[in-house]
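Chemist: Pasting a structure below so you can have a look.
The values are calculated or read from the model by the stated rules, or taken from the named source; none is laboratory data. What you see is a predicted model, and the numbers here were worked out from it, not measured in a lab. Quick reminder, even Gly has a Cβ in these numbers, built from the backbone with ideal geometry, and neighbours come from all protein chains shown.
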Amino acid sequence: MPIDCDADIVSARQKGRELASQCGFPTTDLAVIATAISELARNIVRYAAHGEVLVRLVETDGKRGIEVTASDDGPGIADITLALQDGYSTSGGLGLGLPGTRRLMDEFELLSDFGKGTKVTVRRWKR
């Protein structure tokens with residue numbers, strides 16, 4: 001799903017929630033997954049202006065879940081360690097997006113090349 005504006009954030013959130021529902025996630029997990037998608041997509045709009053979110057069902061070692069990958073060709077993150085600290089923000093926000101997403105999901109991977117873009121992949125496993 002391309003992410004270019006606030007309406008795309010809402011669309012990505014809804015599509016991710018629908019896919020997670022089809023996988024059989026409980027309502028509480030649907031909210032968690034939708035929130036994570038919102039945070040990642042919002043970062044694309046805020047920092048990169050354009051990017052994409054890919055949401056897919058995954059299965060590994062008998063575990064089923066959902067994987068969300070948010071990627072962009074924006075400015076990248078200069079200091080990943082700092083960006084993952086609660087309260088740190090370069091845009092004047094609350095600084096809870098990336099650290100909050102990391103707490104919400106079961107797995108969190110962040111790759112960023114300063115000046116070239118960022119890719120965040122998160123997974124939530126069905127319990």
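Chemist: Which numbered condition trips up G62, out of (1) surrounded by fewer than 16 Cβ atoms within 10 Å (Cβ to Cβ); (2) at negative phi?
Modeler: Single failed check for G62: (2).
Chemist: Additional query: Determine whether L30 is over 13 Å from the mean Cα position of the chain (by Cα), over 20 Å from D73 (Cα atoms) and in contact (Cβ under 8 Å) with a residue 24 or more places away in the chain.
Modeler: So L30 fails the test.
Chemist: To continue, here is another question. Just name the residue that is farthest from K126 (Cα to Cα) out of those in segment 16-33 that are small (G, A, S) and buried (at least 22 other Cβ atoms within 10 Å of the Cβ).
Modeler: Here the residue is G16.
Chemist: Separate question: Sort out which residues of segment 1-11 are of a type outside the set (A, V, I, L, M) and either buried (at least 21 other Cβ atoms within 10 Å of the Cβ) or not in a helix (DSSP H, G or I) (or both), and write them in order of number.
Modeler: P2, D4, C5 - these are the residues of segment 1-11 that are of a type outside the set (A, V, I, L, M) and either buried (at least 21 other Cβ atoms within 10 Å of the Cβ) or not in a helix (DSSP H, G or I) (or both).
Chemist: Can you confirm whether segment 38-50 contains a residue that is surrounded by fewer than 17 Cβ atoms within 10 Å (Cβ to Cβ), over 18 Å from L104 (Cβ atoms), small (G, A, S) and more than 16 Å from the chain's Cα centre (by Cα)?
Modeler: The answer is no; no qualifying residue exists.
Chemist: Quick one: what pairs do we get from segment 107-127, first residue on the phi > 0 side of the Ramachandran plot, second crowded, with 17+ Cβ neighbours inside 10 Å and of a type in the set (G, A, S), C-beta under 6 Å, 6+ apart or different chains?
Modeler: G115/G76; G117/G74; G117/G76
Chemist: Does S91 qualify as being at pLDDT 95 or above, touching a Lys or Arg at 6+ places or on another chain (Cβ under 7 Å) and small (G, A, S)?
Modeler: No.
Chemist: Here's another thing I want to ask about it. Give me the pairs, please: first residue somewhere in segment 43-56 and among the polar types (S, T, N, Q), second residue anywhere and part of a strand (DSSP E or B) and exposed (fewer than 14 other Cβ atoms within 10 Å of the Cβ), beta-carbon distance under 6 Å, and either six or more positions apart or on two chains.
Modeler: From residues that are among the polar types (S, T, N, Q), there are no pairs.
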